[in-house]
Amino acid sequence: MKLGLTVSRKQREFIEADADEVFYGGAAGGGKSFAQVIDALLYALQYPGSRQLILRRSFPELSRSIILVSQANYPRRLAKYNSTGRVWKFQSGSMIEFGYCDSEADVTQYQSAEYDVIRFDELTHFTEFQYVYMLSRIRGVNDFPKSIRSTGNPGGVGHAWVKARFIDPRPEGVKGTLPSGRSVLYIPAKVTDNPFLMKSDPGYIKRLEELPEAQRRALLDGDWNIFEGQYFTGWDPEIHVVKPFPIPDYWRRYLSIDYGRDMLAALWTAFDPQGRGVVYREFCSGLDGAFFNKGGKTCGALPLLARDAAREILRENAGEKLSGAFAPPDLWNKHADTGQSTAEVMAGEGLSLVRADNRRDQGWMAVADALRMETDEQGCPVPGLRVFENCRVLITSLPQLQYDLKNPDDCAAEPHEITHAPDALRYLLAGRPARARIPEPENPFEPERSGDEALAMFGI
Ligand SMILES: Nc1ncnc2c1ncn2[C@@H]1O[C@H](COP(=O)(O)OP(=O)(O)O)[C@@H](O)[C@H]1O
Ligand SMILES: [Mg+2]
């Protein structure tokens, strides 16, 4: 059958790739989305009765890009497009459906669906949670080859996890195996791979060359080693992460928490007399088990009721004297069923919380300020905040926070599981915790002592 389509060498590589998870990623304009649409068509024709899903993060993106490409290239004599259902139905019984997942929870609309192939376009716009959830939707009783095939550019909320899953672990173009046993392949895309674009728009490369450096490296070179989108560019593990050291008793200790139905993040931070802080303990737990750290233990996930969370926190606190315990204001909302707020329940267990300032940009600014280098009393550069290496969740979350594309002063609220520990840190620093007071040296000449007693203390 003649479809009248030509593909580039790289696009062919993507179409022929047979790994369970394929990621065709890199420069913008490389022809990735086009390849995705054509690959779906070829699969639908090769496996009559197959079901595929093509996903974009939002509906407008879907309708102005990939759906248009399918409409321009799919042969009407073989398939009809139904715009209400956003689905191509082939005479052979195959289906290609388009969908989007705006919020993290949107994936649940696919809860009872089954597909042979799921395709993410612009994978870096999705969270790892969404991707992993959708993996479970690939199943079916037929013996069509099952896979998840994605395309995307560097940058975006998913930059870090996509890089860690597909790019970093193995050389380009080499098939690997994920811990789950599934095979995985990354196909790098360069803009120069796309002869069609080079011909139709020769000025395209010139325009990319004029972009600011990070964006140019991402979009023109398809370079993954950029910090594009990273919110805390001041974070440097070489500087901010330190081996635990004994914290003097007189430093002021604070607790700060983020708590919700599905997660708890609790941080303990101590401040020295100069107002420099060190986060020395964390207790983080999420329902999905994606992030958990309590005294270095990695196992399991802990659904915690407010009462149990308070008890666990106090147990971790082990009687340490706290100068304050900050928590987000929504913990003071009354629950309709009990008439009590989470903060009240926790107070009932002996954990009294202070309502934190929840203005996001100011809070994030305070975190960025704390990460900045200053000069200590000896003239050496030191950061305003350090983190003990045992606080793994905070250490891995902070550098993954991405700019919010809609509000560059803010950081993206997703992926959900990486925001809790940084949020807890934000609540603490927005509350302007006080520095420690250097204790007065014990004065042997206290008024209530007689001169003779005082002299006796020196053995005189
Ligand atoms: N095989 C092809 N045949 C014709 N045009 C193509 C082909 N591959 C890509 N193009 C065109 O090149 C341009 C960029 O391709 P696209 O798939 O959008 O790139 P990417 O998704 O990598 O940014 C689009 O206009 C697309 O239609
Ligand atoms: Mg594209």
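Tell me, please, whether a residue that is farther than 26 Å from G203 by Cα, more than 35 Å from the chain's Cα centre (by Cα) and within 16 Å of ligand 1 (Cβ to nearest atom) can be found in the range 52-66. Within the range 52-66, none of the residues are farther than 26 Å from G203 by Cα, more than 35 Å from the chain's Cα centre (by Cα) and within 16 Å of ligand 1 (Cβ to nearest atom).
Contact map, the range 23-38: first residue under 19 Å from Y131 (Cα atoms), second residue near ligand 1 (Cβ under 8 Å from one of its atoms) and among the basic types (K, R), Cβ cut-off under 6 Å, separation 6 or more or different chains; pairs are Y24/K32.
You will find that of W235, W251, the residue that is under 21 Å from the mean Cα position of the chain (by Cα) and surrounded by 13 or more Cβ atoms within 10 Å (Cβ to Cβ) is W235 and no other. Regarding V162, is this residue more than 14 Å from ligand 2 (Cβ to nearest atom), in a loop (DSSP other than H, G, I, E, B) and of a type in the set (A, V, I, L, M)? So V162 fails the test.
How many residues are closer than 16 Å to E13 by Cβ, modelled with pLDDT of 90 or more and either near ligand 1 (Cβ under 10 Å from one of its atoms) or assigned to a loop (DSSP other than H, G, I, E, B) (or both) if we restrict to the range 178-193? Residues meeting the conditions: 1. The set of residues in the range 202-212 being exposed (fewer than 13 other Cβ atoms within 10 Å of the Cβ) and over 16 Å from Y403 (Cβ atoms) consists of P202, G203, K206, R207, E209, E210. Screening K206, K175 for residues that are more than 15 Å from ligand 1 (Cβ to nearest atom), more than 22 Å from the chain's Cα centre (by Cα) and free of Cβ contacts under 8 Å to residues at least 60 places away in the same chain leaves exactly one candidate, K206. The residue that is nearest to Q230 (Cα to Cα), counting only those in the range 188-216 that are more than 15 Å from ligand 2 (Cβ to nearest atom) and aliphatic (A, V, I, L, M), is A214.
Residue count for the range 152-174 under the criterion of being of a type in the set (G, A, S) and at pLDDT 85 or above: the result is 2.
Among the residues of the range 18-30, those identified as near ligand 2 (Cβ under 9 Å from one of its atoms) and either under 17 Å from G173 (Cα atoms) or under 25 Å from the mean Cα position of the chain (by Cα) (or both) are A28, G30. Which of the following residues is within 13 Å of ligand 1 (Cβ to nearest atom), more than 20 Å from A19 (Cβ to Cβ) and either in contact with a Leu (Cβ under 6 Å, 6 or more places away or on another chain) or in contact (Cβ under 8 Å) with a residue 12 or more places away in the chain (or both): F196, F129, F120? Going through F196, F129, F120 in turn, just one is within 13 Å of ligand 1 (Cβ to nearest atom), more than 20 Å from A19 (Cβ to Cβ) and either in contact with a Leu (Cβ under 6 Å, 6 or more places away or on another chain) or in contact (Cβ under 8 Å) with a residue 12 or more places away in the chain (or both): F196.
From the list Q52, Q46, the lone residue that is surrounded by 22 or more Cβ atoms within 10 Å (Cβ to Cβ), closer than 24 Å to G4 by Cα and more than 16 Å from ligand 2 (Cβ to nearest atom) is Q52.
The values are calculated or read from the model by the stated rules, or taken from the named source; none is laboratory data. Predicted, not measured: the structure shown is a model, and the values here were computed from it. In this analysis, Cβ positions are derived from the backbone assuming ideal geometry, glycine residues included, and neighbour counts consider all displayed protein chains.
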